[in-house]
Each structure stands twice: as C-alpha cells, then as structure tokens.
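Participant: Please find one structure pasted underneath; my questions will follow.
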Amino acid sequence: MSTAAFSQRSFTQQLKKYYALYTGGFLAFVILLAIAEQMGLPRKYIGYTFLVATIGLYAMIGIMSRTVEVSEYYVAGRRVPAFFNGMATGADWMSAASFIGMAGTLYLSGFDGLAFVMGWTGGYVLVALFLAPYLRKFGQFTIPDFLGARYGGNAARSIGVFAAILCSFVYVVAQIYGVGLITSRFTGLEFGIGVFVGLGGILVCSFLGGMRAVTWTQVAQYIILIIAYLTPVIWLGMKHTGVPVPQVAYGQVLAKVTELEKKLTADPKEQEVRKIFKDRADAANAALKDPAKAHADGRAALEQNLNSLKAANAPADQVSAAEKALAGYAKDVEAAKAQWNKDKGAAARAAPPRKHADPFPGKDEAARDTARLNFLGIVFCMMFGTAALPHILMRYYTTPSVREARRSVFWSLFFIFLLYFTAPCLAVLAKFEVYSNLVGTQFATLPAWAAAWQTVDATLLSITDVNKDGIVQLAEIVIGGDLIVLMTPEIAGLPYVVSGLVAAGGLAAALSTADGLLLTIANALSHDVYYKMIDPSATTSRRVTVSKILLLVVALIAAYVTSLKPGNILFLVGAAFSLAASSFFPALVLGVFWKRANRAGAVAGMLVGLGVCFYYMSTTYPFLRDLFGITRPVAEYMWFGMNPISAGVFGLPLGMLTIIVVSLLTPAPSREIQELVEHVRYPSIKGSTYSTQAG
C-alpha cells in the first residue's frame, strides 16, 4: 500500500471514530433534554437550547476547519472519503425543501407529490452516469471552470457564472426562509429577526473554512437531520401499529385516511362551510366584473343597514357590529379588488377533501391530462435539474479520485433514500392526526401550538370559524406545506423535545444547503470572475479573502430578499432546478460526450435555455408577474397548461437543440479542446491531469 493510500485510510478511520462519538453525544443530549422536560423545563428553553447547541456545534467545526489554502477552501483538499462525501452531499441536498417541504407537498397533493420524490432521486442516476466522474477527472474548482476550459475563452464561463449565481441565489432564499421560519417559531423572535439570526448560523459554517468547513459541518448536520426526521415517524408508526418501521404503518394509516376523507366529504357541517366559500367566490367574481359599481353598492348597503339599525333603536351590540363592518370596508376600489381576488381564491376551499391516493384529479379528462403533464414536467425538471446544480456537482471535486467520486454518488443516493423513503409515511401519518385530532375540536379549546404558529406566519396556518358553530371543520383549516413536518409532533401530542429535535433537523437541512449555495456563489465570483478574468496574478490569500467578503455580501442580500417572502419553499427550490436544467445540463453533457460542441453553440444554447425558462416563469408565476407589472391573464402565457415550476421542460430541449444546430453551423473546436474531451471521457485511465488543473 502506498504512503498516500495508507494516509487516506488512516484519515477515514479517524473520521469514523470522531463522528461515532459525535452521534452518541447528540443522542445523549436529546435524552437529557427529554428528562429535563419531564422535570419541568419550560418549552421556550428547550427551543433555545437546541438552537444554541446545534449552531454552536457547527460554529466550532467551522472555526476548527478554518483555512486560507486555496485547494482546502475550494475543494476540501480533494481528500473527502466517498462515504463521508455521500453524507455531506445528502445534507447539501436535504434542503429545507426536502426536510420541510417534501412531506408537506405530499400532504397537500397526495399522489401528485411523488413527482418530486421520483425526480430528485432519479436525478442522481444522471449524475452518476453523465457528470460526476467526468468532472472529477477534469479537476479544477467550479462548474464555470469546466465550461471555460471546454469551450474556450470567457464567454461560456461568464454565462456559467451568471447561471450559477441565479440558480443558487433562488435556492438559497428558500433555505434562509426555512431558517427564519424555524428560528422565529422556536425562539419567539419576529420572522425578519429570525432570518438574520439564522443567517449568522449559516455564515459561521462557511465563512472561515470554505468547502473544508462546509464538508465536515454538513456531515454533522446530516446526522442530526436524519435522526430528527425519523424520530417522530417511527414514534407515530409505533403508536398506530406497534411496529417501529413507519413504512409498515403506511398502508394501514392510508386506509384510515381514505375512510376519513369519505366521512368528511359527506359531513353536513363541512358542506355548509364549503358552500360559504363557494358563495364568497361567486360574489367576488361578480364584483370583479364592475369593481367601481360593486364597491359603491357595497358601501351604500352597509351605510343603509347602519342607519336602519339606529332608526329602529336596535341593541347596542348590533349597532356596534354594523359600525365595525362599515369601518372595515375597503377604502377604495383597489383595496376592494384585492379583497375580492382573495375571496375568489376561496373557490379551492369549496371543493371536497382531495383524495390522498387519487392520481391526477380533475373535473374532466382535459383537466386530468393537464395534471398528468404537470406531473411528468416536475419529474423531468427535478431529474435534469439535479444533474446540473452547481453546488451538488462541486461536491464531486472533493473526492480523492474518480473511483471515489463514483462511490460517492452511491452513498449520496443511500443517505437521500433514507429520508425520501420515509416522507410519504410522514405525510399520511400527519394527515391522519389532523383529520382525527384537530378536526371536530372546539375553537375554545384549540391547542397552544395553533396560536403560536399563526403568530409566526398567518398565511401558513389559519384556523377560522367560518360558519360560527364553534367547531373546527376541515375546510376552516389552512395549513401551508412548509409547516407540516415542523407541526406534526405537536399535532400528535408528542413530547415537546421531539418538536425541538425536528426543528433542529430542519435547521440543519436549511443551513447545510445554504452553506453550499453561498459558497458556490462566492467561489464563482472570486475564482471565475476575479481570479480568472480580472486579476490572474492574485495571491492565494487574496483570492480566499475576496471569496469571504463576497460570501458575506451575498448572504446579506439573500436575507433581505427572503424578508419579502417571494414564494413558498418548494416553488423556489423547484424554480432553481428548472433554471439549472435549462442553462447547465445541455452544455455540460454535450461538452463531455460530443467533441463537435463548440463555444458559439454553448453560448447560444445556454442563453436560449436560460432565457426561455426565465421568460416562462416571469409570465406565469404571481410574484414575478407582480414584480414585472404583467397584467394580462396568466392563461395567455401558459403553454400546454404547464405550471411555472416546470419551465425547464421548455428551456432544456430548446437549449440543447440550439447547441447542436449552432455548433454544426460554425467551425469545430480546436485540437486541444478535443483532446480535453478525450481526457475527460475516460476517467478510469490513469495519467497526468489535463493542464487546466493548475491554478
């Protein structure tokens, strides 16, 4: 055995020992907190303890891993073993969308939510087959590095930098949103303050040590997040079946949920509430046909009612209620239109409960066909987006060899599988708890957690007595998908320490991904823009310093954008996947497998793919439509009824077609470039690394 191989093996053994002790210590910490809860430790302090202890732990790892060496800062010294790189990649991958949003999407969408599970898991097959080993053979530090070397010049590199920043920024906003949500709920801080407190936790992990610190922190974060995710599901599985394997409970509980769905559909009280929502939607639609007249008529009716009550010497409470109604009426037509548009959306709550196991629901065959297309569109975009996300592909630069890169993909899939195989079970168990424990309770005795979550964000949780009967109906509950995982322990009545554990897991998931994303953005700017384009003579310490400064600036901008709440977590993450698939996948895969692909084709293809994808999102997603002042009906911009999250369905094929056509119409790449393709294409061949490795 060579000295290098022996050293690597010894390093791996040390890591196993350290992280085994770390796992045991964390479990002991949770058990001690559970004992303290039973002895009377207030819930608020449990939340603070989890927050301070976990962020403090990550900060300690970050400080111990600080470095100014370029290879350590950018690629962790290329000595991360496959097992641990798989775990770090799993944490990098298990973003707030996977940990917080996945089960929530399955809860709300049922069968249709499986599109994300299939797409994200299948994407790693594409990573293993088409990209990971080839990028590792190429070496270097970033994805724009490969584009710059493969296609020559700075044009492709520049577009790669822009696309990497755009994809990663959209993605990181979703993570910071998740961090703010968790921090504000479990510490009592206001959401905006919680965002910046969580941001501090993100920065201590990545600011000092770059990829080296992020890697070892992410391994620690994965251990916490997987324990946190599995604990409540196993607990609930035991509660319902007596078997500590949640997948065993899945079928039994799904059957119970199906029965409850039938019961709730036929419940007269549920029908009463749904009729109220239907009437509101119908009234709103009628008012929006002539808003000015409807606004004037509404005010006149309220004034007439108030005058009539006063003239009839009605009881004081009736007069007071009429005065309150008049005072609360929309002050102008624009305010009235905003309220009517909101009421118009109540039509969705007028429908019966969606059947969890029913695929592609719809009123008619056309609606079901559209649902099928959107299902396939999500699978497509999530798969190809996975295989093109810069912060994930960068992880395979950190392994010691090409072989380890391949093994790393296997371990990545295994660690991701543990969570994804459990998410459908958690969604069904959570739905059963809501249907059986929350629906039918008295509004006067609503649990404290309901009020606490409504304080955090009323748009994510709202329980309102619409028909004034004092009893909670299913149609009166609005639960955002982003809350399901975090709320499930409280809904099910589990010890609060489990809620704190789940929050710590969600925080770990969001922090780990945010670290990788911010590092991707900062490295793209410092390495590909500053060093490769502006100052090639910059010293290594200056390059690392520039990266740290840029990381801080980008983090603060992302936190500000997060405070605007541009969308739910899952949409933001899905948008990043579509953008990555459209901009990167064609150029990367054709760059590896087709020698004829050239600079003109890559530049044109990336611009077309990214442009088409962003255009479709901008014209169909509400937040972006409002941002760009688009007022024409969204239906005029939609193609085949495809949702904005699946915009990559159009961007990727058009981008790939453009690369092929333009490359064939323009001169072939140079001999040197074609030799690079040969070098990258056969990763198992030993030999000197291509000359671009330097730097």
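The values are calculated or read from the model by the stated rules, or taken from the named source; none is laboratory data. Note that the coordinates shown come from a computational prediction; the quantities given were computed from them, not determined experimentally. Note that each Cβ is placed from the backbone with ideal geometry, even for glycine, and that neighbours are counted across all protein chains shown. Heads up: the accessible areas ignore ligands, DNA and RNA and are worked out on the full protein's heavy atoms, side chains in. Shrake-Rupley method; radii C 1.70, N 1.55, O 1.52, S 1.80 Å.
Participant: Assess whether L665 counts as being open to solvent by 70 Å² or more (accessible area, probe 1.4 Å) and in contact with a Gly (Cβ under 8 Å, 6 or more places away or on another chain).
Facilitator: So L665 does not fit the description; no.
Participant: Identify the single condition in (1) open to solvent by less than 60 Å² (accessible area, probe 1.4 Å); (2) of a type outside the set (V, I, T); (3) over 23 Å from R372 (Cα atoms) that Y616 does not satisfy, given that it satisfies every other one.
Facilitator: (3)
Participant: Return yes or no: is V561 among the β-branched types (V, I, T), touching a residue at least 40 places away in the same chain (Cβ under 8 Å) and open to solvent by less than 30 Å² (accessible area, probe 1.4 Å)?
Facilitator: For V561, the condition - among the β-branched types (V, I, T), touching a residue at least 40 places away in the same chain (Cβ under 8 Å) and open to solvent by less than 30 Å² (accessible area, probe 1.4 Å) - is not met.
Participant: Filtering segment 295-309 down to residues that are in contact with a helix residue (DSSP H, G or I) (Cβ under 6 Å, 6 or more places away or on another chain) and without any contact (Cβ under 8 Å) to a residue 40 or more places away in the chain, which residue is nearest to Q339 (Cα to Cα)?
Facilitator: L302
Participant: Out of all the residues in segment 593-602, is one or more over 19 Å from the mean Cα position of the chain (by Cα), farther than 22 Å from R157 by Cα and in contact (Cβ under 8 Å) with a residue 60 or more places away in the chain?
Facilitator: No, that holds for no residue.
Participant: Return the residue satisfying two criteria in turn: it lies in segment 91-115 and is touching a Ser or Thr at 6+ places or on another chain (Cβ under 6 Å) and modelled with pLDDT of 85 or more, and of such residues it is surrounded by the most Cβ atoms within 10 Å (Cβ to Cβ).
Facilitator: Applying the filter and picking the extreme gives A91.
Participant: Here is a follow-up. Identify, please: which residue in segment 453-484 is under 30 Å from S98 (Cβ atoms) and touching a Lys or Arg at 6+ places or on another chain (Cβ under 7 Å) and is, among those, most open to solvent (accessible area, probe 1.4 Å)?
Facilitator: Checked segment 453-484; the qualifying residue most open to solvent (accessible area, probe 1.4 Å) is V456.
Participant: Here is a list: A283, A249, A292. Which entry is surrounded by 19 or more Cβ atoms within 10 Å (Cβ to Cβ), at negative phi and touching a residue at least 24 places away in the same chain (Cβ under 8 Å)?
Facilitator: From the options A283, A249, A292, the qualifying one is A249.
Participant: Quick one: count up the residues across segment 433-443 that are modelled with pLDDT of 85 or more and open to solvent by 30 Å² or more (accessible area, probe 1.4 Å).
Facilitator: 5
Participant: Got at least one residue in segment 393-413 being in contact with a Pro (Cβ under 7 Å, 6 or more places away or on another chain) and open to solvent by 70 Å² or more (accessible area, probe 1.4 Å)?
Facilitator: yes
Participant: Quick one: which of A430, A371 is in contact with a Gly (Cβ under 6 Å, 6 or more places away or on another chain), closer than 26 Å to A255 by Cα and either basic (K, R) or assigned to a helix (DSSP H, G or I) (or both)?
Facilitator: Result of the check over A430, A371: A371.
Okay, residues lined up against (1) among the charged types (D, E, K, R); (2) in a loop (DSSP other than H, G, I, E, B); (3) open to solvent by 50 Å² or more (accessible area, probe 1.4 Å):
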| residue | (1), (2), (3) |
| --- | --- |
| S7 | no, no, yes |
| L15 | no, no, no |
| L33 | no, no, no |
| E37 | yes, no, no |
| Y45 | no, no, yes |
| A53 | no, no, no |
| I63 | no, no, yes |
